[in-house]
1. Provide, as a two-decimal number, the C-alpha radius of gyration of the chain over 2.2 N^0.38 Å, N being how many residues it has.
2. Ignoring everything except DSSP H segments at least 4 long, calculate the 222 nm mean residue ellipticity for the chain; use -39,500 (n - 2.57) per segment, divide by total residues, nearest 500.
3. Excluding ligands, DNA and RNA, what is the solvent-accessible area per residue of the chain at a probe of 1.4 Å, expressed in Å²?
4. Accessible area of segment 2-54 with a 1.4 Å probe: how many percent of it is carbon plus sulfur?
5. Normalised by the residues of segment 35-86, what does the relative contact order come to in percent, with Cα pairs under 8 Å and at least six apart?
6. What is the Cα coordinate range of segment 84-166 on the first, second and third principal axes, sorted by size from largest, in whole angstrom?
7. Keeping the other protein chains in place, figure out the carbon and sulfur percent of the accessible area of segment 69-125, with a 1.4 Å probe.
8. Compare the Cα positions of PHE148, HIS125, SER135 along the charge dipole of the chain (+1 at Cβ of Lys, Arg; -1 at Cβ of Asp, Glu; about the Cα centre) and return the one farthest towards the positive end.
Amino acid sequence: MADSRIRPAHHTDSTVLAELDAAVWSPLHAVQPRPEPPYAPFFDAAHPPEHYLVAEDPADGSLLGYIRLGLPTPLDCNRHVRQIQGLAVADRARGRGVGRALVRAACDEARRQGAIRITLRVLGHNAPARALYASEGFAVEGVLPGEFFLHGRYVDDVLMGRALDA
């Protein structure tokens with residue numbers, strides 16, 4: 001999105017990000033129950049601000065979305081891989097390229113960290129997210145059929161990944 005700025009998250013973004021997370025919750029992408037106030041802290045020891053990039057509206061500084069980038073496992077032999085572990089875009093910013101900008105920024109950050117590969121997991125019925133990832137070079141690398149039982153039906157867990165070419 002030409003009119004957004006991607007930046008690292010700050011501790012001070014916690015409340016806004018928790019509210020954004022609750023506002024965009026959907027059975028299309030969530031495996032956790034709908035968040036209810038009072039919201040748990042957005043950042044914690046396992047998910048510090050350093051793992052997040054946020055999209056900011058330069059006109060007013062409001063946050064339009066976030067992406068979380070982490071290690072897929074704690075194993076040293078897996079340190080060359082980064083994993084997208086969450087992506088959210090505010091309803092008012094949907095369809096404006098914010099998600100795409102966040103995915104691209106996450107790939108750039110993963111490269112900066114020395115990764116040569118990036119992966120993610122997405123629910124099988126989340127066609128918009130799967131299309132976005134595919135358009136950014138991610139390919140389906142595996143499917144865990146019926147991995148989740150959500151809202152009365154079994155849903156596949158789709159594993160996607162791509163190389164991070166220089």
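The values are calculated or read from the model by the stated rules, or taken from the named source; none is laboratory data. Please read all numbers here as calculations on a predicted model, not as lab measurements. Positions of Cβ are generated from backbone atoms using ideal geometry, with glycine treated the same way; all protein chains shown enter the neighbour counts. Calculation scope for accessible area: heavy atoms of the full protein, side chains included, ligands and nucleic acids excluded. Shrake-Rupley method; radii C 1.70, N 1.55, O 1.52, S 1.80 Å.
1. Scaled against compact globular proteins, the figure is 1.01.
2. Calculated at 222 nm, the ellipticity per residue is -6500 deg cm²/dmol.
3. Per-residue value: 54 Å².
4. Carbon plus sulfur share of accessible area: 60 percent.
5. The normalised contact order for segment 35-86 reaches 24 percent.
6. 42, 32, 18
7. On segment 69-125, the fraction of accessible area on carbon and sulfur atoms equals 50 percent.
8. It is SER135.
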